[in-house]
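Taking it in order: structure first as structure tokens, then the write-up.
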Amino acid sequence: GYAIGLAWTAAGGDVLVIEAANSKGKDVLTLTGNLGAVMQESAQTALGCLKAQWKHLTKRPVPNWSQAALHVHVPEGAIPKDGPSAGVTIATALFSALTGRPFRPDRAMTGEISLRGQVLPVGGLREKILAARRAGLKAVALPQANEPDILDLEPWVTEGVELTFIDTLSQALSWAIGDE
């Protein structure tokens, strides 16, 4: 599975492809790609959210979590990555890996996630939207709580990008992967 996220960087915004794999193992989550402490915490929270919310997210059987070895990787391991805005993207990549359902490749998302599946607001929207535009992505999902912040951006920043505002992981999955 995978999902496309957006990150703020000192040099502007960047697109992050977050990969996830599921194999037989013993309830372990492996994180690779030079992730900082905040991003590692986001990944743990994303998995905790999926475990707690699975029955609300899909009609598929609940995975046998005690026998799942999940791996989240963010390529370009030489570049340090950290920040509180990848939770919903990590949860989506894990969901994609667990269900075999692909992420729509013309989209990107940003937002932190709570254990209850709430998508929390983030910063750096201007840089993130511009990164999506540079990458040729046509649609971006942002936290609903950030909708008023879009009014502060110059109109050209969002030109050509369809913005969708999401409150929950369920909405994010529907937008990013589609309904079953």
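The values are calculated or read from the model by the stated rules, or taken from the named source; none is laboratory data. All figures in this text were calculated on a predicted structure; none of them were measured in a lab. Note: ideal-geometry Cβ built from the backbone for every residue, glycine included; neighbour counts use all protein chains shown. The accessibility values were calculated without ligands, DNA or RNA, using every heavy atom of the protein model including side chains. Shrake-Rupley method; radii C 1.70, N 1.55, O 1.52, S 1.80 Å.
A quick yes/no check of all residues on (1) within 25 Å of Leu35 (Cα to Cα); (2) out of contact with any Phe, Trp or Tyr (no Cβ under 8 Å at 6 or more places or on another chain); (3) buried (at least 20 other Cβ atoms within 10 Å of the Cβ):
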{"position": "Ala91", "(1), (2), (3)": "yes, yes, yes"}
{"position": "Phe95", "(1), (2), (3)": "yes, yes, yes"}
{"position": "Gln118", "(1), (2), (3)": "yes, yes, no"}
{"position": "Gly123", "(1), (2), (3)": "yes, no, no"}
{"position": "Leu151", "(1), (2), (3)": "no, yes, no"}
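Considered as a group, the residues in region 19-42 that are among the small types (Gly, Ala, Ser) and closer than 25 Å to Leu130 by Cα include one that is nearest to the chain's Cα centre (by Cα), and that residue is Ser42. Here Ser174 clears all of (1) part of a loop (DSSP other than H, G, I, E, B); (2) over 12 Å from the mean Cα position of the chain (by Cα) except the condition numbered (1).
Within region 122-145, the set of residues being part of a helix (DSSP H, G or I), closer than 9 Å to Gly13 by Cβ and out of contact with any helix residue (DSSP H, G or I) (no Cβ under 9 Å at 6 or more places or on another chain) comprises Glu127, Lys128, Ala131, Ala132, Arg134.
For the structure I just gave you, tell me whether Leu16 is open to solvent by 30 Å² or more (accessible area, probe 1.4 Å), under 16 Å from the mean Cα position of the chain (by Cα) and not hydroxyl-bearing (Ser, Thr, Tyr).
Against the criterion (open to solvent by 30 Å² or more (accessible area, probe 1.4 Å), under 16 Å from the mean Cα position of the chain (by Cα) and not hydroxyl-bearing (Ser, Thr, Tyr)), Leu16 does not qualify.
Remark: pairs (first residue in region 29-47, closer than 16 Å to Ala97 by Cα; second residue assigned to a helix (DSSP H, G or I) and among the small types (Gly, Ala, Ser); Cβ separation under 7 Å; 6+ apart in sequence or on different chains) = Leu29/Ala43; Leu31/Ala43; Ala46/Gly87; Ala46/Ala91.
Scanning region 44-84 for residues that are small (Gly, Ala, Ser) and within 16 Å of Leu31 (Cα to Cα) turns up Ala46, Gly48, Ala68, Ala69, Gly77, Ala78, Gly83. Restricting to region 1-11, and then to whatever is in contact with a strand residue (DSSP E or B) (Cβ under 6 Å, 6 or more places away or on another chain) and assigned to a strand (DSSP E or B), can you tell me which residue is surrounded by the fewest Cβ atoms within 10 Å (Cβ to Cβ)? The selected residue is Tyr2.
Could you tell me which residue of region 134-169 is farthest from Arg116 (Cα to Cα), considering only residues that are among the polar types (S, T, N, Q) and free of Cβ contacts under 8 Å to residues at least 40 places away in the same chain?
Thr158
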